[in-house]
Each structure stands twice: as structure tokens, then as C-alpha cells.
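Participant: Quick one: the structure is below, and I'll ask about it shortly.
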Amino acid sequence: MDALSMATVLTTISILLALVLWLPISLKARIRKTEIYLSGEPQSMFSVSITEVSWAVRRVFERIYKVLVSHVQTGVFNDWFALSLPYLLMLILLLVIVVAIRGGGV
Amino acid sequence: MELLVEFFRLVFTTLVYPGLFFLAVLGLISQWYRRKLVARLQNRVGPKYVGPAGILQPFADVYKLLFVKELVTGAYTPARLILYIITLGIVALSASSALLPLTPLYIKADYDALVFIYLTLYASIAVSLIGLGSVSPYPSLGGVRYATMLLVFEPAVAISLLSMVKVLAPSTLSLADALGSPNILRAQQPLQGVFQLATLVLAALSFSMALLSKMMMKPFDIPEAETEIAGGYLAELSGPALGLSILLHEVEISLYIFVFSNLLVPIPPVLPEPLSIVTSLLKYFAVLTILTLVAYSMGRLKPDQALRTLIKVPLLLSIISLALAFTI
């Protein structure tokens, strides 16, 4: 037996025997779970809604949102146009490329 | 058929001798011995009531925790997963004892010292996961402290063990060959012998210091500092989880000291087996006494001091000893 196969065999035996020993202990164990201490308030008072799960996503997009708000929602049309110009130019460029490749006809 | 026989042979060595049963009994007797020794030093009585001179006290404690007490955990602690992690740690340590040449059933391969190091790593990872698996801050802090120290003491233990095995069994790097080696110095020239002895001394010093840290004995008992973080990684455990954790700790101590004492003092065996159990146990208790006396004569270090000490002394010594072992 070489060292690598020895390690593989002994690991497999460990995992299997641990499972065999763990099952009766785990099934027989009386497990009591204690609630988190919340300054005397019951835990049922606090709930997490599904929208709270998106907290991290919202946090990431918050910066983009803030940039958009500060640049677009100023009440001045030129601000909106200045921000949109590169995007519009890109669309026009894309259109020109498509026309150049496919030709003008439908 | 041959494969089945081989399988049952490994199961027997893992579960009975020199595996789980032997290591657990040895570990719990060692716990009683350590407690009695420290009690003598501190002018106390120590374990007294269960069995002659209280020798059965650790057995009674573990039995009661495993089979009588209930497991109380926090609402978000994965209790059953923690039980499995601890059991896996204990069984992996027991499986690694199949490499010890105590019975004719032992297995051997070239470079199997590396397999021993790999299997014993499960126990260290299990200890840090026990702490990190709890939502309470004290066990988490204990787990993090252990995991941080693990990054330093585990390489030190592994490197110094490899150095000792390299000196004692240079061609095979096999643990069984190193443990069964009756002659410590088989040097052809006197200078080579001096280098071999220096390597062994450096590796032994490094291994014993790293071992104190691995066993969470003073001055490196910061993962379970009772007065500071309320018992650390064990703080939130109870019932079977605590019983198994104690068993894991004792099995780890007994296995490591058993291997270390037999590598350190390769006395020729009295009986025809490669490793005589009587001489091995005598060496084991001698090393355990020295380590316990050293540990309990010191106070606890702070986490940063402990890390700095571990890097400066055992890790450095182990690297020097490995360099020497591969030079000679």
C-alpha cells in the first residue's frame, strides 16, 4: 500500500465509522434549544421579511442610484442630456455598425 | 475476501487497539494523573471519590455527559453537525493509530508520516469548528484564537515530527520504522552522529513546545482561558457535545504524547514486538509528567505574546531541525 491509497482508505474508514458512532449518539441525545436573549422581549416579536434578504443587493445598487439621482433629477434638462449623451452616441454607433454589416435594405 | 479481511482489520485497529478504546482509556487515565499531579503541587487532594484514589472520576464524568445529561444549545447552533465534527475528529485520530507498530495488524508505507500528520489535522480543525459553530461570542472567540494559533503550531508539529522521522528512518520516512528503530544513532562517522543528535534535540524541543500549544496547556491555554473568555470554545457546550469534546482532547493528548515519547526515547524493546507496550507506557508517563510540570509552572500568555513565542521558538527550531535532517 502506498501513502496516497493509505490516506484515502483511512479517510474513508474514518468518515464511515464516525457516521456509525454519531448516529446512535445523535438520535439518543436530548437536545434543548434556548432562545436568544433580547432584553426580555420574546423572539416572536421580531421577524425578518423576504424583502430584508435583498438588503445587500440594495446596498450595492445604492451608490449607482445616488449618482443617477444627483445627476438626473436636478430639474435641468441639460444635466439629463449630458448623462445620456454617451449612451445615445453608443446606440447610434451600434446602429451604424449594424447597417454597415447588413446593408441598408430590409 | 482478502479485501474484506483487510477492511475488518483496519476497523478493529481503529476502534479497539491501538485505536479508540485504547486511546480513550489511556487519555482518561492521563487526565486523572495530570489532575492528581497538579493537585499535589497546589496542596489539594484532586480526584478522590470514584474508584481507587479517584482514578475512575474522568470515566464517570464522560459517561454522565454522554448518556445522562441533555444537550442545551442556542437556537441557531447546529448541534447535530457539531456532534458529527467532534466524532469525526476522534475517529480520524483513532484511525491514525493504525500506523503505530503495537500489534502485528499495523499498516506501513513509505512516507506514511505525512499520512499521520494529515489524519491528526482533523482533530485540530474540529476543535476550532466547535468554537466557530456557536453563535455565542465566547466560544467563537475561543475558536478563532485556536484557529489563529493552529496556523503556527501545526506547521511546527508537522515539521519537527518529519525531522525526527527523517533521522530515525531516513530511507522510508515511515512512522513505524522510526518508532521501531531500536538504535537511535546509526551513524557511520562521529560527526554525523553529533548532527543527528542535534537534530533530534532541536526537533524534540520544538515538538514539545508546539505540543503544549496544541493541547491548550499553559502558557498557551488562551483558546479556553476560563477567567477571560469563560472557558472559550467549550463555554456553550453541554451533555454529549461536551463529553465528546473532552474525549477528543484526551485522545489527542494521549496519541501525540505516545508517538512523541517513543520517538524521543527509542529504548530497545523488551518483548519481541517492534514497540513494546510496557516500555512505551513508561516513556509515555515520563514525558507526560515533564510536560505537565513545565505547563503548570507557568502563567498564561496573551494571544499576541503566544503567537510571537510560537513563531520565534518552536517554528524556527523545527525549520532548523528539518534543514539539518535533510543535510546529514
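The values are calculated or read from the model by the stated rules, or taken from the named source; none is laboratory data. Quick caveat, the model's predicted, so the values are computed rather than measured. Note that each Cβ is placed from the backbone with ideal geometry, even for glycine, and that neighbours are counted across all protein chains shown.
Participant: Which of the residues that make up segment B:95-107 are facing chain A (nearest Cβ under 8 Å) and either surrounded by fewer than 23 Cβ atoms within 10 Å (Cβ to Cβ) or of a type outside the set (A, V, I, L, M, F, W, C) (or both)?
Facilitator: B:SER96, B:ILE107
Participant: Look at segment B:261-278 and say how many of its residues are within 24 Å of B:ALA198 (Cα to Cα) and either at pLDDT 70 or above or small (Gly, Ala, Ser) (or both).
Facilitator: Looking only at that region, the number is 5.
Participant: Just give me the residues in segment B:195-213 being touching a helix residue (DSSP H, G or I) at 6+ places or on another chain (Cβ under 6 Å) and either outside any helix (DSSP H, G or I) or among the polar types (S, T, N, Q) (or both), in sequence order.
Facilitator: Selection gives B:GLN196, B:THR199, B:SER206, B:SER213.
Quick grid of which residues meet (1) in contact with a Ser or Thr (Cβ under 6 Å, 6 or more places away or on another chain); (2) of a type in the set (A, V, I, L, M, F, W, C); (3) modelled with pLDDT of 90 or more:
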residue	(1), (2), (3)
B:THR13	no, no, no
B:LEU26	yes, yes, yes
B:TYR63	no, no, yes
B:VAL68	no, yes, no
B:ILE90	no, yes, yes
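Participant: Working carefully through the options B:PHE59, B:PHE116, B:PHE153, find the one that is out of contact with any Lys or Arg (no Cβ under 9 Å at 6 or more places or on another chain), more than 10 Å from chain A (Cβ to nearest Cβ), assigned to a helix (DSSP H, G or I) and aromatic (Phe, Trp, Tyr).
Facilitator: On the way: B:PHE116 fails: more than 10 Å from chain A (Cβ to nearest Cβ); B:PHE153 fails: out of contact with any Lys or Arg (no Cβ under 9 Å at 6 or more places or on another chain).
It is B:PHE59.
Participant: Hey, another quick one. Within the bounds of segment B:20-30, is there any residue that is facing another protein chain (nearest Cβ under 9 Å), under 19 Å from B:LEU234 (Cα atoms) and aliphatic (A, V, I, L, M)?
Facilitator: To start, the set of residues in segment B:20-30 that are facing another protein chain (nearest Cβ under 9 Å) comprises B:20.
From what is left, the residues that are under 19 Å from B:LEU234 (Cα atoms) are none.
No, because not a single residue in segment B:20-30 is facing another protein chain (nearest Cβ under 9 Å), under 19 Å from B:LEU234 (Cα atoms) and aliphatic (A, V, I, L, M).
Participant: Something else: Does A:ALA18 count as within 13 Å of another protein chain (Cβ to nearest Cβ), hydrophobic (A, V, I, L, M, F, W, C) and part of a helix (DSSP H, G or I)?
Facilitator: yes
Participant: Take the residues of segment B:40-55 that are of a type in the set (A, V, I, L, M, F, W, C) and touching a residue at least 12 places away in the same chain (Cβ under 8 Å): which is surrounded by the fewest Cβ atoms within 10 Å (Cβ to Cβ)?
Facilitator: Restricting to residues being of a type in the set (A, V, I, L, M, F, W, C) and touching a residue at least 12 places away in the same chain (Cβ under 8 Å), the top hit is B:LEU41.
Participant: A further question on this structure: Within segment B:209-224, does at least one residue satisfy the condition of being over 12 Å from the mean Cα position of the chain (by Cα), at pLDDT 85 or above and surrounded by fewer than 15 Cβ atoms within 10 Å (Cβ to Cβ)?
Facilitator: Taking every residue of segment B:209-224 in turn, none turns out to be over 12 Å from the mean Cα position of the chain (by Cα), at pLDDT 85 or above and surrounded by fewer than 15 Cβ atoms within 10 Å (Cβ to Cβ).
Participant: How about segment B:119-134: which of its residues are more than 13 Å from chain A (Cβ to nearest Cβ), crowded, with 23+ Cβ neighbours inside 10 Å and of a type in the set (A, V, I, L, M)?
Facilitator: Within segment B:119-134, B:VAL127, B:ILE130 qualify.
Participant: Then there is this: Any chance segment A:28-37 includes a residue that's within 14 Å of chain B (Cβ to nearest Cβ), surrounded by fewer than 10 Cβ atoms within 10 Å (Cβ to Cβ), without any contact (Cβ under 8 Å) to a residue 60 or more places away in the chain and under 30 Å from B:GLY19 (Cβ atoms)?
Facilitator: Taking segment A:28-37 as the starting set, the residues that turn out to be within 14 Å of chain B (Cβ to nearest Cβ) are A:28-37.
Within this subset, residues satisfying the condition of being surrounded by fewer than 10 Cβ atoms within 10 Å (Cβ to Cβ) are A:37.
From what's left, without any contact (Cβ under 8 Å) to a residue 60 or more places away in the chain: A:37.
Within this subset, residues satisfying the condition of being under 30 Å from B:GLY19 (Cβ atoms) are none.
Scanning segment A:28-37, I find no residue that is within 14 Å of chain B (Cβ to nearest Cβ), surrounded by fewer than 10 Cβ atoms within 10 Å (Cβ to Cβ), without any contact (Cβ under 8 Å) to a residue 60 or more places away in the chain and under 30 Å from B:GLY19 (Cβ atoms), so the answer is no.
Participant: Also: Hey, can you tell me all the residues within segment B:214-242 that are more than 19 Å from B:LEU307 (Cα to Cα) and outside any helix (DSSP H, G or I)?
Facilitator: Within segment B:214-242, B:ALA230, B:GLY231, B:ALA235, B:GLU236, B:LEU237, B:SER238 meet the criteria.
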